[in-house]
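Asks: Below is one structure. I have some questions about it.
The values are calculated or read from the model by the stated rules, or taken from the named source; none is laboratory data. As the structure is a prediction and not an experimental result, all values here were calculated from the model. Cβ sites come from the backbone with ideal geometry, for glycine too, and all protein chains shown count toward neighbours. Remember, those area values only see protein heavy atoms, side chains included, never the ligands or the DNA or RNA. Shrake-Rupley method; radii C 1.70, N 1.55, O 1.52, S 1.80 Å.
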Amino acid sequence: MNQEGKVPYVVTSKSFTAVAINAASKAGEWIKSKLGTVKQLDTKSGAPDLVTEVDKGAEQMIRKLIFTHFPDHALLGEEGVEPGPEASKKALEQALDEEYLWIVDPVDGTTNYVHGYPFFSVSIALAHKGEVIVGVIYDPSRDEMFVAEKGKGAYVHGKRMSVSQQETLNESLLATGFPVGRDTTLPQNMAGLNYLAPRVRNIRSGGSAALHLAYVASGRLTGYWEVGLNAWDLAAGSLMITESGGSITDTLGNPYHLGVRHVVATNGLIQQELVGALKEAKGTGE
Ligand code: IPD
Ligand code: CA
Ligand code: CA
């Protein structure tokens, strides 16, 4: 019922995945159109943790597009949660009881967006009873839509994705990020970086966790790890990894779930070796 006591008209004919793709594509186009025009640049949990009116506007847009079709579903979006890891954990705990939960990062890679560095994305996942069943990551700069559906595979440009074939760390191209927790998560990640840099083919840091996951899923990266993330950074990408034949765990090697904050995602072949290396480096965040 709406405020006037009437049953609202609901457009239900679209599938979950179609709605996710539509929302990511509309928001992505809008974000791209606003590139270079940011007026309100604020910080959240600390100096490197940025937010703009575009992040907030994109989340609003995604919310509206999803609720047009599924008004009974719940949505956990980054911009609807207070900054900092404690608030994120609490918001996720409260949302986990929902049968259908959309998990949204409207702009993953805000620092890049603010600087005009074209590596940012829209990340949208749908979880059913805590399990991710749809994941969509859209890169508006390259017009790449990465899509995964539980049990049906993962696709980019309509082509099935599969992870890379490297079998050892030594021949791997990895990615990581530099988390915003300068005194907490950042030193942990740096420990892993120091240890791994001389042991792998090379390491990249693009600045969008979601795109890093999509790149592992599509075989462009062998693996990705980062300490100190949130459910909205990882949910869509987690399904993409498993649906393209890869592995995703926490940094101790335990199975992925929505509460994981320290992540290792790979082609599967190097998963154990990478988890082992992070333990050795004391870079697991635990
Ligand atoms: C950030 C990006 C970045 C990662 C940070 C995240 P945001 O997300 O994914 O790559 O290193 O840890 O917070 O704030 O741009 O949505
Ligand atoms: Ca993010
Ligand atoms: Ca974000």
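Asks: Quick one: would you say L252 is outside the structural domain of I21 (by TED's automatic domain parsing) and either touching a residue at least 40 places away in the same chain (Cβ under 8 Å) or assigned to a helix (DSSP H, G or I) (or both)?
Replies: Taking the combined requirement at face value, the residue does not satisfy it.
Asks: Does V122 count as touching a helix residue (DSSP H, G or I) at 6+ places or on another chain (Cβ under 8 Å), in a strand (DSSP E or B) and within 16 Å of ligand 2 (Cβ to nearest atom)? Walk me through it before giving the result.
Replies: On the way: touching a helix residue (DSSP H, G or I) at 6+ places or on another chain (Cβ under 8 Å): yes; in a strand (DSSP E or B): yes; within 16 Å of ligand 2 (Cβ to nearest atom): yes.
In short, yes.
Asks: Also: Would you check if G268 is over 25 Å from P118 (Cβ atoms) and open to solvent by 10 Å² or more (accessible area, probe 1.4 Å)?
Replies: Numbers: over 25 Å from P118 (Cβ atoms): yes; open to solvent by 10 Å² or more (accessible area, probe 1.4 Å): yes.
In short, yes.
Asks: So which of A87, A23 is away from ligand 2 (no atom under 14 Å from the Cβ), under 21 Å from D143 (Cβ atoms) and not polar (S, T, N, Q)? First the steps, then the outcome.
Replies: Numbers: A87 fails: under 21 Å from D143 (Cβ atoms).
Result: A23 is the single residue among A87, A23 that is away from ligand 2 (no atom under 14 Å from the Cβ), under 21 Å from D143 (Cβ atoms) and not polar (S, T, N, Q).
Asks: Among the residues of the stretch 210-245 satisfying the criterion of being farther than 18 Å from T17 by Cα and β-branched (V, I, T), which is farthest from ligand 1 (Cβ to nearest atom)?
Replies: That would be T222.
Asks: Looking only at the stretch 70-82, which residues are in a loop (DSSP other than H, G, I, E, B), buried (at least 17 other Cβ atoms within 10 Å of the Cβ) and within 16 Å of ligand 2 (Cβ to nearest atom)?
Replies: Correct list: V81 only.
Asks: For the stretch 42-69, how many residues meet the condition of being within 14 Å of ligand 1 (Cβ to nearest atom) and open to solvent by less than 20 Å² (accessible area, probe 1.4 Å)?
Replies: Looking only at the stretch 42-69, we keep the residues that are within 14 Å of ligand 1 (Cβ to nearest atom), and these are 42-52, 54-56, 58-59, 62.
Next, from what is left, pick out any that are open to solvent by less than 20 Å² (accessible area, probe 1.4 Å): 51-52, 54-55, 58-59, 62.
Number of matching residues: 7.
Asks: Can you tell me which residue in the stretch 212-249 is least open to solvent (accessible area, probe 1.4 Å), limited to those that are outside any strand (DSSP E or B) and among the charged types (D, E, K, R)? Outline the logic, then answer.
Replies: Our first condition is that a residue be outside any strand (DSSP E or B); within the stretch 212-249, this holds for 212-222, 227-246.
Then drop every residue that is not among the charged types (D, E, K, R), which leaves 220, 233, 243.
Values: R220: 88, D233: 16, E243: 32 Å².
Of everything passing the filter in the stretch 212-249, D233 is least open to solvent (accessible area, probe 1.4 Å).
Residues checked against (1) free of Cβ contacts under 8 Å to residues at least 60 places away in the same chain; (2) away from ligand 3 (no atom under 11 Å from the Cβ); (3) within 20 Å of the chain's Cα centre (by Cα):
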site	(1), (2), (3)
E29	no, yes, yes
S33	yes, yes, no
T37	yes, yes, no
S45	no, yes, yes
V51	yes, no, yes
I62	no, yes, yes
I66	yes, yes, yes
L76	no, yes, yes
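Asks: Scan the stretch 170-211 for residues that are assigned to a helix (DSSP H, G or I) and either away from ligand 2 (no atom under 14 Å from the Cβ) or surrounded by fewer than 17 Cβ atoms within 10 Å (Cβ to Cβ) (or both) and report the count.
Replies: Result for the stretch 170-211: 16.
Asks: Every residue in the stretch 86-117 that is part of a loop (DSSP other than H, G, I, E, B), loosely packed, with under 15 Cβ neighbours inside 10 Å and within 16 Å of ligand 3 (Cβ to nearest atom), please. Reasoning before the result, please.
Replies: Start the filter on the stretch 86-117 by keeping residues that are part of a loop (DSSP other than H, G, I, E, B), which leaves 96-99, 109, 116-117.
From what's left, loosely packed, with under 15 Cβ neighbours inside 10 Å: 97, 99, 116-117.
Of everything in the stretch 86-117, just one residue is part of a loop (DSSP other than H, G, I, E, B), loosely packed, with under 15 Cβ neighbours inside 10 Å and within 16 Å of ligand 3 (Cβ to nearest atom), namely Y117.
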